[in-house]
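A short worksheet on the structure shown next.
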Amino acid sequence: MRVFVAGREGQLARALLARLVPEGHEVTALEPPELDLTSRESIASALDAARPDLVINAAAYTAVDRAEDQAELARAVNATGAGWLAEAAAARGAPFVHVSTDYVFDGLKGSPYVETDPVSPIGVYGVTKEEGERLVLAAQPRSAVIRTAWVCSPDGANFVKTMLRLAKERDEIRVVADQQGAPTFAADLADAIARMAPRLMEAKAGDEGYGIFHLSGAPHTTWHGFTQEILAQAGRRGHPVPKLTPIATSDYPTKAQRPADGRLDCSKITRVHGIQPADWRISLGRALDSLVGPISENKT
């Protein structure tokens with residue numbers, strides 16, 4: 001199939017290329033200046049050239065704190081641009097996959113969110129991503145919106161790489177222990193999208209294969225719990241392991257407020273598409289094999 005990916009250097013875009021290209025699919029992955037999501041004309045021109053069977057939006061404005069001061073740019077990419085991309089896909093008969101976030105919720109439910117729970121974003125990033133969901137589904141009914149969380153991979157900037165760097169630089173790392181969620185590795189997300197693709201390309205509008213889905217890793221944890229596992233697995237690979245201290249969100253103030261509990265219930269995507277949440281601890285090990293090196297006899 002011919003696949004158009006908005007984004008090229010991001011974590012998910014790279015994972016999609018690594019997943020799809022070896023299978024023989026023709027993948028066009030573009031980002032600025034070749035693809036400008038703030039320009040309807042740029043989007044139309046790019047899709048005309050690619051003639052895709054499937055369009056995947058792996059691009060987003062994800063600088064959560066900076067978005068508080070750059071709301072117009074965040075909205076242009078996450079909302080308006082996403083809607084234009086879905087519109088262009090619909091005009092060319094291509095189904096659309098759009099990646100969203102747990103930040104569309106305020107984190108106050110107290111249990112994992114299902115797809116039908118009311119949205120209530122608490123920051124500019126979440127607000128613009130929620131707007132994008134609505135615009136996408138309105139523009140292309142043959143869309144699958146996948147809400148995910150805590151995306152990591154061996155590529156790009158992410159929490160795993162930050163913790164590995166800090167572990168080399170510091171004797172102690174202080175990590176928030178009162179925000180719940182689950183890491184999602186880009187390779188697992190890319191694999192899920194690839195597995196969904198055949199149904200999305202065949203189904204008509206109204207099929208339950210379209211709509212909103214939740215997909216994150218399993219099991220749920222906290223940022224502190226995630227860091228514990230990162231350091232434990234990295235240590236078995238000979239990486240420095242500093243002292244890890246749990247702190248409260250209030251001890252680490254940020255410009256944008258984060259959901260305190262962004263756990264996602266992923267049972268719908270399992271029921272509809274047969275996709276089980278991947279164990280992030282196993283995926284972390286694969287990432288650390290790349291970032292740090294494999295576990296060897298002299299590192300145990």
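The values are calculated or read from the model by the stated rules, or taken from the named source; none is laboratory data. Remember, predicted model here, so these are calculated numbers, not experimental data. Cβ sites come from the backbone with ideal geometry, for glycine too, and all protein chains shown count toward neighbours. All accessible areas refer to the heavy atoms of the entire protein, side chains included, with ligands and DNA or RNA removed. Shrake-Rupley method; radii C 1.70, N 1.55, O 1.52, S 1.80 Å.
Summary of values
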item	result
Table column - 3J(HN,Hα) (Hz), region 207-220, Karplus curve with 6.51, -1.76, 1.60, x for Gly and Pro	5, 6, x, 9, x, 9, 9, 9, 8, 9, x, 9, x, 5
Gap separating the Cα centres of region 178-192 and region 103-155, nearest whole Å	14 Å
Peptide ranges 176-185, 47-56 listed from the most packed, as the mean C-beta count within 10 angstrom indicates	176-185, 47-56
Region 239-300 and region 213-238: distance between their alpha carbon centers, rounded to Å	3 Å
The chain: mean projected area of Cα convex hull, nm²	15.4 nm²
DSSP beta bridges in the chain [antiparallel fraction, %, rounded to 5]	5 percent
Over region 154-284, relative contact order from alpha-carbon pairs under 8 Å, at least 6 apart, %	42 percent
Mean Cβ neighbour count within 10 Å, used as a protection proxy, ranking 93-99, 38-44 highest first	93-99, 38-44
Nearest-10 value in Å² for the accessible area of E172, using the 1.4 Å probe	70 Å²
The chain: most fluctuating residue of P198, P22, P242 per GNM, C-alpha cutoff 10 Å	P22
Per residue value of the accessible surface for region 191-300 (all protein chains in place, 1.4 Å probe), Å²	49 Å²
Backbone HN-Hα couplings from phi across region 137-151 [Karplus 6.51/-1.76/1.60, Hz, Gly and Pro as x]	5, 6, 7, 9, x, 8, 10, 10, 9, 10, 7, 9, 7, 6, 6
Under 25 Å between alpha carbons - lysine pairs in the chain that sit 8 or more apart or on different chains	13
Dimensionless Rg ratio for region 35-121, taking C-alpha atoms and the 2.2 N^0.38 Å reference	1.25
Rounded to whole Å, sorted largest first: equivalent-ellipsoid semi-axes of region 193-277, Cα gyration tensor	36, 19, 10
Debye log10 I(q)/I(0) for region 140-209, one point scatterer per Cα, at q = 0.14, 0.19, 0.22 Å⁻¹	-0.63, -0.88, -1.02
Residue-count net charge about E229 - beta-carbon cut-off 12 Å; Lys, Arg +1, Asp, Glu -1	+1
Region 221-299, relative contact order [Cα under 8 Å, separation at least 6], %	43 percent
Built amide H within the under 5 Å cut-off of T101, gap 5+	T148
Cα-based Rg of region 157-300 normalised by 2.2 N^0.38 Å, two decimals	1.23
By average C-beta atoms within 10 angstrom, highest first, the peptides 59-66, 155-162	59-66, 155-162
Relative contact order (percent, whole number), the chain, Cα cutoff 8 Å, 6+ residue spacing	20 percent
Surface share of carbon and sulfur [accessible, 1.4 angstrom probe, percent] for region 1-158	53 percent
